[in-house]
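Beneath this line is the structure, given in structure tokens, with notes to follow.
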Amino acid sequence: MSETLMLCTAMLIGFIVLFKSADQFVIGSVDTAKNLAISPMTIGLTIVALGTSAPEIFVSMTAALKGEPELAIGNAIGSNIANIGMVLGITALIVPLRLKANILKKDLPILIFVTLCCGITLIDYKINIWDGLLLLAGLAVFLYRLVAGKKPSDEAPVAEEELDEIPAMTSTRALVTLLVSLVFLLASSQLLVWSAINLAQIFGISELIIGLTVIAVGTSLPELVVSLTSSLKGQADLAIGNIVGSNIFNILAVFSIPCLLAPTEIDPSVLWRDYSLMLLLTIALVAASLGIRGERKINRIHGSLLLAVWIGYLITLYNTAIPN
């Protein structure tokens, strides 16, 4: 019991340091970019977007380098499932979410497309370097589209306000903040993965299940905070955009990491149980967003259904992991 408590404590510390260092990583990156005269729009669309996915990216990279690709795969797919089922479910239960037309026309179709691409990489029950390169190519196209498809006049006031809230730093201080936060990101990822692997061994469950549950939920907590805060401020489009953008990055940036660093065969359940649910929830998000009679809204009924599906999924994983 003492060893289990120690590992749980280490995991909690890992999560706390991971999130704090990710915030500092974004701050250091933004100020460094500002000092290099990079436009605020480019910073907001690329650096901040990638920086907010730093926890998933670093955890998956560490797991893959340690020879635990299942943990990395579970982190990517499980985070997407938690983002829609847990985050949007809870948020919509508290504050029904109205969607703007641009999210339906631009962002959701891209999410559907990259989700299908993820399924293509899993269809042969293995991931390899070519799958990773395909996803990275998609990431490059997505980032280029973000930057090239926007004009300075189109930049959202919300994004400008978020960048203005980041304290200005000198070039030296910004670079030091960036490098130190990077060190802590790596260290906390190591601690998190180490504790997850050992907990899996103690309880006799696979690293995949740990990645799909504990790690996925933990790395989705920042999205929950952002979505709830945005919704309570009346910025439902920011809450939805946060989830949609996060899921796109999870597939293109996070899922590509185990493909490149630790090619492996996968259990068929990853495709038929985990990926299928991720696809189903993504389609459900689109269907709820379209609504009826032109109402673009995710209401409390939709939220309760999303949350119920996610809880049912966790119960299924628990029964699969510990049948007795």
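Please treat every number below as a calculation from the coordinates, not as lab data. Everything quoted here is computed from the prediction, not taken from an experiment. Reconstructed Cβ throughout: ideal geometry from the backbone, glycine too, with neighbour counts over all protein chains shown.
Might you check whether a residue that is in contact (Cβ under 8 Å) with a residue 12 or more places away in the chain and not in a helix (DSSP H, G or I) occurs anywhere in the stretch 105-113?
Here is the first cut: in the stretch 105-113, the residues in contact (Cβ under 8 Å) with a residue 12 or more places away in the chain are 107-108, 110-112.
Narrowing the set further to residues that are not in a helix (DSSP H, G or I) leaves none.
So far as the stretch 105-113 goes, no, none of its residues is in contact (Cβ under 8 Å) with a residue 12 or more places away in the chain and not in a helix (DSSP H, G or I).
Please list, ordered by first then second residue, the pairs with beta carbon atoms under 6 Å, 6 or more apart or interchain, first in the stretch 202-218 and at positive phi, second buried (at least 23 other Cβ atoms within 10 Å of the Cβ).
Pairs found: none.
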